[in-house]
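Just so you know, all these numbers are worked out from the coordinates, no wet-lab data involved. Quick caveat, the model's predicted, so the values are computed rather than measured. Methodologically, a virtual Cβ is constructed for each residue, glycine included, from the backbone with ideal geometry; neighbour enumeration extends over all protein chains shown.
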Amino acid sequence: MEIGINANNTLYFHDGVNTFTSSLSIQNNVWSHGAFCSPGNGQVSIFIGGALAFSGTCETHWTYTSNWMVGRWAGGTQYNYQGYLRELRITKG
């Protein structure tokens, strides 16, 4: 599972098979709020600034047994996040 910001400054989610990309971009040098949500029924939503930027269906069951990484790509260092991350919240329920 991968959540990040691509070269077009759009928030994306990759479930190991499919990549879901938001329709709204995040501005450089401006505080932004992005959220990824899933109620657990296969539905996936991405919000930027409270506005729905993507909604779709994920076919992969999410089981994660490796270490979590924030601001870093597991495949190398060329995609490390170059900015500030103020708050991160992961919840179930």
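May I ask you to derive the FRET efficiency for residue 6 and residue 30 from their Cβ-Cβ distance with R0 = 22 Å, giving the value to the nearest 0.05? The computed FRET efficiency comes out at 0.80. Global dimensions of the range 1-59 from alpha-carbon coordinates: Rg and Dmax equal 11.1, 35 Å.
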